[in-house]
Amino acid sequence: IGIFDSGVGGLTVVRAIAEKIPGYDMVYFGDTAHTPYGTKSAETVIGYTIRNIEFLLHQGAKIIIIACNTASSVTSARVLEQFAVPIFEVITPAVDHAVEASTNLNIGIMGTRATISSGIYEKKIVENQPTARIHSVACPLLVPLAEEGWLKKRETAMIVKKYLQPLKIRQIDTLILGCTHYPLLKTVIQRKIGQHVALIDSSICISERIKNFLSDNRDIHLQLSQNGHLSLFVSDVTDQFKKIAEMTLKTHISFECVKI
Ligand code: DGL
């Protein structure tokens, strides 16, 4: 299973897959040389996405997860169809869960600037539930804070509170964490939005989707090696990547730097 993101965020998907369907070999690419994606143009992010997919295919991936809401939101199905393997985005599974979880259909979304301005969540939620009221907020400071490991700092809590204020006023009952970095900040997000709000974690939603896909597609399941091995690649070595990656995966890791 090939998985990529702009940095450490997609490791929340690696963690969720390892918990939900343990044993599958995974290869992860964190594009640390180009993080964050969320402040870049759609054209640039699509270029990175194609290149990352090609790299993972070269590593032997038989299915690929775009563990990045930003890349998922700007890359069209038409671009992904040119590849011969199944490629999964993280938006649709999160939307399906959110619509199911919400009782008042007053749904909040947090994401990067690129994800929010793509309007993809609104579009998919309304397709699923035309009466839903959707409130979205771009949170550009959260990815650098997560990459920096500032998960429990007071300053981070203050910034989260400020971002969530407009969603709180609108009395959402469900909040989509529309960026794979945000599960790293889940505790502070839950505290600031209130315990009554259901948080939709796209890393958990996609792992459930992959589980169902593999049980429905046994031929593909049989193509996947299952030695519980995780290979990690990055495009730039940073101390932070190792620190946050080890915190996320709760194990010692080694990784290889590749210039792709
Ligand atoms: N974790 C990614 C996402 O889900 C990328 C964030 C970024 O690089 O800005 O959007």
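Miscellaneous remarks
- Here the condition is being outside any helix (DSSP H, G or I) and not aromatic (Phe, Trp, Tyr); of Lys152, Lys162, Lys123, it holds for Lys152 alone.
- Here Phe213 does not fit the description of being more than 16 Å from the ligand (Cβ to nearest atom), modelled with pLDDT of 95 or more, part of a strand (DSSP E or B) and of a type in the set (Phe, Trp, Tyr).
- Pair list, Cβ under 9 Å, 6 or more apart: region 28-57 residue in contact (Cβ under 8 Å) with a residue 24 or more places away in the chain, other residue in a helix (DSSP H, G or I) and among the acidic types (Asp, Glu): Thr32/Glu147; Thr35/Glu147; Pro36/Glu147
- Residue within region 90-101 that is on the phi < 0 side of the Ramachandran plot, outside any loop (DSSP other than H, G, I, E, B), under 17 Å from the mean Cα position of the chain (by Cα) and within 12 Å of the ligand (Cβ to nearest atom) present: yes
- Residue in region 126-149 that is nearest to Glu89 (Cα to Cα), counting only those that are at pLDDT below 95 and assigned to a helix (DSSP H, G or I): Val143
Quick grid of which residues meet (1) at pLDDT below 95; (2) within 16 Å of the ligand (Cβ to nearest atom); (3) hydrophobic (A, V, I, L, M, F, W, C):
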| position | (1), (2), (3) |
| --- | --- |
| Gln171 | yes, no, no |
| Leu175 | no, yes, yes |
| Gln190 | no, no, no |
| Gly194 | no, no, no |
| Ala198 | no, no, yes |
| Ser202 | yes, yes, no |
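- Test for Val8: is it part of a helix (DSSP H, G or I), in contact (Cβ under 8 Å) with a residue 60 or more places away in the chain and either surrounded by 22 or more Cβ atoms within 10 Å (Cβ to Cβ) or within 10 Å of the ligand (Cβ to nearest atom) (or both): no
- Residues of region 243-260 satisfying the condition of being of a type in the set (Ser, Thr, Tyr) and surrounded by 13 or more Cβ atoms within 10 Å (Cβ to Cβ): Thr248
- Segments classed as helices (runs of 4 or more DSSP H), wholly inside region 36-87, with at least 3 members that are within 16 Å of the ligand (Cβ to nearest atom) and farther than 17 Å from Cys179 by Cβ: 42-58
- Note on region 24-72: residues that are β-branched (Val, Ile, Thr) and surrounded by fewer than 18 Cβ atoms within 10 Å (Cβ to Cβ) amount to 4.
- For Ile210, the stated conditions do not hold, so it cannot be described as among the β-branched types (Val, Ile, Thr) and out of contact with any strand residue (DSSP E or B) (no Cβ under 7 Å at 6 or more places or on another chain).
- Residues of region 165-185 satisfying the condition of being under 30 Å from Thr32 (Cβ atoms) and either among the small types (Gly, Ala, Ser) or assigned to a loop (DSSP other than H, G, I, E, B) (or both): Gly178, Cys179, Thr180, His181
- Close pairs (6 angstrom Cβ cut-off, 6 or more residues apart or separate chains): more than 14 Å from Phe83 (Cβ to Cβ) in region 60-71, within 16 Å of the ligand (Cβ to nearest atom) and of a type in the set (Asp, Glu) anywhere: Ala67/Asp5; Cys68/Asp5
- All conditions but one from (1) closer than 24 Å to Thr49 by Cβ; (2) touching a strand residue (DSSP E or B) at 6+ places or on another chain (Cβ under 9 Å); (3) of a type in the set (A, V, I, L, M, F, W, C) apply to Val143; the one that does not is (2).
The values are calculated or read from the model by the stated rules, or taken from the named source; none is laboratory data. Predicted model only: the values in this text are computed from it and were never measured. Cβ: placed from backbone, ideal geometry, glycine included. Neighbour counts: every protein chain shown.
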